[in-house]
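Enquirer: Encoded as structure tokens, here's the structure I'll be asking about.
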Amino acid sequence: MAISLNLLPRCLVLLHFVLCSLGAKVVTIDVREANNLIQTGHIYLDVRTVQEFVKGPRVNTSKIINIPYMLDTPKGKVKNLYFLKECSSLCNIEDHLVVGCQFGLRSLHATSDLLDGGFKNVKNMDGGFAEWVSKMLPITNNSQVRP
């Protein structure tokens, strides 16, 4: 069965919706709400690659953790099989987390995985860091922040 190239984007969106529907209910918030939550003490979990995170800039908060959801390999990006384990070692399942990436897709999957893994207070940041920057929210290039 061949799929027309015109239908491919719709099929991918449908597949993405079905896959996301299988897990726990992901709450997605806009970047302004994310900023408000971060300013009131939520931890910002940046799931971009280490290279993206180190290159900067990044969300300006002292409570920021970088745990990549995808890893760069010679064959391209692959899912970080230790993502949940790494999150569990740095965060408590009761911690309040805002999860973000560059454009919002990796963070959506990461948020779903965290909820499926037992985390209770996790929100996905819609539009990712690109949307954060477009709304002129606070950023930093502070090299003192550790991934």
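The values are calculated or read from the model by the stated rules, or taken from the named source; none is laboratory data. Fair warning: this is a prediction, and the values are worked out from it, not measured in the lab. Cβ placement follows ideal geometry from the backbone for every residue including glycine, while neighbour counts extend to all protein chains displayed.
Enquirer: Of all residues in segment 6-56 being in a helix (DSSP H, G or I) and of a type in the set (Lys, Arg), which is modelled with the lowest pLDDT?
Expert: Within segment 6-56, the subset in a helix (DSSP H, G or I) is 8-22, 31-39, 50-55.
Imposing the further condition that a residue be of a type in the set (Lys, Arg) reduces the set to 10, 32, 55.
Details: Arg10: 55, Arg32: 97, Lys55: 90.
So the residue we want is Arg10.
Enquirer: Limited to segment 84-104, what total is found for residues that are within 18 Å of Met125 (Cα to Cα) and touching a helix residue (DSSP H, G or I) at 6+ places or on another chain (Cβ under 8 Å)?
Expert: Total meeting the criteria: 10.
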